[in-house]
Amino acid sequence: MAKGSVKLDEKTGLYYFVVDVGKDGVRKQKKKRGFKRQKDAYAAMTEVLNQVNKGEYVEPSKIKFIDYMLDIWIVEKEQNKHMSRLTAKSYRSGIVTHILPCLKDKTLGELTSTDIKGVMNCLKKKEKNGKPYADSYIQRIFNIMVYSLNYAVKNDLIKESPIKKLDRPKVIKRKLNVWDVDQIHRFLSSLENHRHYIVYLLAIHTGMRKGEILGLPWKNIDYRNKCIMVTQTLESDAKRIKEGAKTASSVRSIDISDEVIKVLQKQHEKVYLEKEIAGEMYEDNDLVCCTDIGKRVFPNTITRLMKKKIKELELPYIRFHDLRHTSASLMLSIGIHPKVVSERLGHHSVTITLDTYSHLLKNMQSDAAVGLSNLLSKKEEAKLLEIEEEFCDQKRDQKVENVAV
C-alpha cells in the first residue's frame, strides 16, 4: 500500500503533501504544494493514494500544454488522417492566437479548469475588425481544448481532463436568411449567361455545399438515372480536391430534375468546346465548374460575384451557404418530408434538419392542424350528406308504396 504525508511549509505558511507513487521497488514521490488548509491537502492526498493503490494513478505530464497541442496532438491527428490539412491549419491559428498568450508556461499536468476559464474570459473581451468574436468561434476555441485534452487522457498523459468541470460556451442560434421564389428567379436570371451560373443553380436546386459543387466531377453526373453523386470536395483554398465529403453521411446521391439536367448538358458542351480551343493549355480536372482552361475555381470568386449581384439587384443580403438553407426551406414549405430533405443535404441525422429548420416546422404544424381539421370536416359533411340522401330515398320509396296501395 502506498503511503503519504501532509506537511506545513514554514516559509509560505501553506500545506503540501508527499505520496509514494513508485512501482516495482523504484521509489518515486508525488509532491503538491499550495494548500491553504490542512484538510484540503489531506483530501487531495487521499485521492492520489486511492489512485495509486488501485493502479489507476497517471503521472501528470510535464510537457507544456501548448507544445503538446502543436507538436503532438495535431501532428498525430494529421498523420493518422483524423484531421484534414485545413482543419489542422485552422486549429494551429486558434491555438497560437488565443491559447498561447494565456497558457504559454503551463504544463499539461498543471492545467486547471480555472486556467481554461481564463482563456475563455480573455477571448470574450477580444475583438476582430472592431467586433466581438462570434459565439460560434468562442465555442470552437473551447472545443479545440476539449479534443486535445481528451486525447491526452486517452494516451495516459493526464488522469482526467480539467475542462470536464466547465460548461461548453453557448451559441445563440442565429436567424436563417433565405430568399423567396421571386428573389431566386431575379438572381438566377441575372446570371443566366455567366460561366458560374451552374454553381448557384446547383446550390438552390440540390442544397449542395460550395466545396461539393466546385469539386463535382462530370463522372458523378448520371443523366440516365437523373442524379448527382457527391464523393469529393474542393478545399476552401482551392489547392486540392479531397476525397469524400464533410462527413460520412455527406457522401450521397441527389436526384435532379429535367431542368437541371438540361443546364448541366449545356455546361458540358461549353466545357468540351473550351477544352478543344485551349488544346495543350487545358488542365483537365474533369470538373463541372472550372475556368476556361479547366482549372479549379477559387471559392472566393463565387462569393465575390454573389455579393456584387446582390448589390446590383438590391436583394436582401445572404451568404452563399444560405442558398443551401433556401433550398431546404422551399422543400419543407411544399411538404417534402424532413427525412428526404435531410438526405439531400447530407445531414448526419434528421435531428439536425429538424433543429435547423424548426421555425418552418412550426408553421407546418399549423398547416397540419388546419388541414386535418378540414379533412375531418369534409368527412363529416360527406357523412351527413349520405344520411340525408338515404333519408330521401326512404321517403321516395314510401311514396311509391302508398301510390301502389
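Each reported figure results from applying straightforward, stated rules to the coordinates on display, with no laboratory input. Model, not experiment: these values are computed from the prediction. A quick note on method: Cβ atoms are made from the backbone with ideal geometry, for glycine too, and the neighbour counts reach across all protein chains shown.
Tally Lys/Arg at +1 and Asp/Glu at -1 over every other residue whose Cβ is under 9 Å from the Cβ of residue 246; what's the total?
So the surrounding residues net to 0.
Among all stretches of the chain without exposed chymotrypsin sites (Phe, Trp or Tyr not before Pro) (DSSP loop, at most 12 other Cβ atoms within 10 Å), which one is longest?
1-222
Once you keep just the Cα pairs under 8 angstrom separated by 6 or more residues, what percentage relative contact order results for segment 65-165? Intermediate results must be reported in sequence, preceding the final value.
Numbers: 68 pairs, mean separation 29.5, N = 101.
Dividing the mean separation by the residue count of segment 65-165 yields 29 percent.
R0 = 35 Å: FRET efficiency of residue 124 with residue 300, Cβ-based, nearest 0.05? Numbers along the way, then the final one.
Numbers: r = 29 Å, r/R0 = 0.83.
Working from the Cβ atoms, E equals 0.75.
Run the numbers for residue 165 and residue 92: contour at 0.36 nm per residue of separation, minus the present Cα-Cα distance, in nm.
Details: separation 73, 0.36 × 73 = 26.28 nm, distance 2.45 nm.
Taking 0.36 nm per residue and subtracting the Cα distance, the gain is 23.8 nm.
Percentage of Cα-Cα pair distances in the chain greater than 38 Å, rounded to whole percent? Working shown, then result.
Details: 38534 of 81810 pairs.
Roughly 47 percent, once rounded to a whole number.
In what sequence do 171, 263, 181, 341 fall when counting other Cβ within 10 Å, fewest first? All intermediate terms of the calculation are to be shown ahead of the outcome.
Numbers: 171 13, 263 17, 181 10, 341 22.
Fewest-to-most ranking of 171, 263, 181, 341: 181, 171, 263, 341.
If all Cα-Cα distances of segment 4-54 are sorted into 5 Å bins from 0 onward, what percent lands in each bin, rounded to whole numbers?
Distribution as computed: 5, 23, 29, 20, 13, 7, 3, 0 percent.
What does the extension gain come out to for residue 18 and residue 307, with contour length at 0.36 nm per residue minus their alpha carbon separation? Display every interim value, and only then the final one.
Details: separation 289, 0.36 × 289 = 104.04 nm, distance 6.45 nm.
Result: 97.6 nm gained on full extension.
Percent relative contact order of the chain, based on C-alpha pairs within less than 8 angstrom and at least six residues apart? Show your work: numbers first, answer last.
Details: 463 pairs, mean separation 42.5, N = 405.
10 percent.
Shape verdict for segment 217-269, please, from the Cα gyration tensor: rounded (a/c under 1.5), prolate (a/b greater than b/c) or oblate.
oblate
Can you give the Rg to Rh ratio for segment 180-306, taking only C-alpha atoms and Rh from Kirkwood? Provide the component values of the computation, followed by the final result.
Details: Rg = 14.1 Å, Rh = 15.0 Å.
Rg/Rh for segment 180-306 comes to 0.94.
Work out, step by step, the length gained on full extension between residue 319 and residue 104: first 0.36 nm times the residue separation, then minus their alpha carbon distance; give nm to one decimal. All intermediate terms of the calculation are to be shown ahead of the outcome.
Values: separation 215, 0.36 × 215 = 77.40 nm, distance 3.70 nm.
Here the segment from residue 319 to residue 104 would lengthen by 73.7 nm.
Hey, what did segment 191-279 get for relative contact order, percent, Cα under 8 Å, at least 6 apart? Don't skip to the end; give the middle numbers.
Details: 96 pairs, mean separation 20.7, N = 89.
23 percent.
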